[in-house]
1. Residues of segment 204-221 with amide nitrogen under 14 Å from the 7 Å Cα-to-Cβ point of THR240?
2. For segment 38-50, what does the Karplus curve 6.51 cos²θ - 1.76 cosθ + 1.60, with θ = phi - 60°, yield as ³J(HN,Hα) per residue in whole Hz, taken in order and with x for Gly and Pro?
3. Can you work out the FRET efficiency for the pair SER55 and THR120, with r the C-beta to C-beta distance and R0 = 30 Å, to the nearest 0.05?
4. How large is the charge dipole for the chain, taken about the Cα centre, if only the Cβ atoms of Lys, Arg (+1) and Asp, Glu (-1) carry charge, to the nearest 20 debye?
5. Against the longest principal axis of the chain, how steep is helix 2-13, in degrees 0 to 90 to the nearest 10, with axes from Cα atoms?
6. Quick one: among ALA61, ALA197, ALA162, which has the greatest mean-square fluctuation in a GNM of the chain with alpha-carbon springs under 10 angstrom?
7. Determine ³J(HN,Hα), in whole Hz, for all residues of segment 156-163 in sequence, where each value follows from phi through the Karplus function 6.51 cos²θ - 1.76 cosθ + 1.60 and θ = phi - 60°; x replaces Gly and Pro.
8. Under the classification rounded if a/c is under 1.5, otherwise prolate if a/b is larger than b/c and oblate if not, where does segment 163-262 fall, given a ≥ b ≥ c as square roots of the Cα gyration tensor eigenvalues?
Amino acid sequence: MRALSILLLSMLGLLTACGGHSSAPSKSVSGSYEFVVASNVTGGVTLVESNLTASGTQSSASGSSQVQVLSFESKNWYLNGVCAGASPGENSVSANITGTSVGLTLDDGGNAISGQGVLTGSTITGNYSVLGSTCPDLQNRLGYPAGYDTGGIVGNVVPALAGTFAGSLNIPEGTHNASLTLTENPDYSLTASLALAGPVDNGTFTLTGSSVGNVMFVSGQVNSSTLTLFGYFDRAGLYTKFPNSLLVFNYDTQSTAGLLIGQ
């Protein structure tokens, strides 16, 4: 998570130099945001999902119900980012808006760094460069100094996470046919109705949790076991190749559980 903090916030610190200081009236930044951080060094993408609440020109989000992170690199997914910190999932984001300039602080598992960004409409864009990162993923990269990274960011508001998704789901008791119906409330709380048909678990089970940007984070009892699911909603099919799909992970084992397709 320390590497992700450096990538996101060091990058945003460069945006003011590119866009300059604006005298435009300050706006607030709020709602479900996805920040896509793309590395030119690793070729990986880190997704920072957050639910920002605004109070005047101040915006913030904190905790696993409001900020989630995952990375996609070399065809592998990493929950909590490719370099998870000491307290995975316990993250926070805060923003202070002055005109079109955004002062941001991202705390990934206890590692806090501040930076600056540029807001255009509801979108944050820019480039980043970082030196001296201790992230193992940025060490021994051929042609680059140890701890060096550069790339770009795009941050956008995303719609509510809702709908029915179906497919095969591999849970500890075996592979089951699954239908998952998501209902998101105005406070981002999420109810997941999970219908299973398989070798052990048959029936409909209710899981509860949060919608965090494009991420589902829910848990509940499936017969005698507690199941915690992390799901990434790929609206355009950029990563799964299937539009309107939900890539589901077993959060406890950090393993892929299945790909469910929107119905």
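Just so it is clear, none of the values below were taken in a lab; they were calculated from the coordinates. Keep in mind that this is a model prediction, so the values were computed, not measured. Cβ sites come from the backbone with ideal geometry, for glycine too, and all protein chains shown count toward neighbours.
1. Output list for this probe position: 214-217.
2. So the Karplus estimates, Gly and Pro as x, are 10, 8, 7, 8, 8, x, x, 10, 10, 9, 9, 9, 8 Hz.
3. Efficiency, from the Cβ-Cβ distance: 0.85.
4. Around 480 debye, computed over the chain.
5. 50
6. ALA197
7. So the J values, rounded to whole Hz, are 9, 6, 10, x, 4, 9, 7, x.
8. oblate
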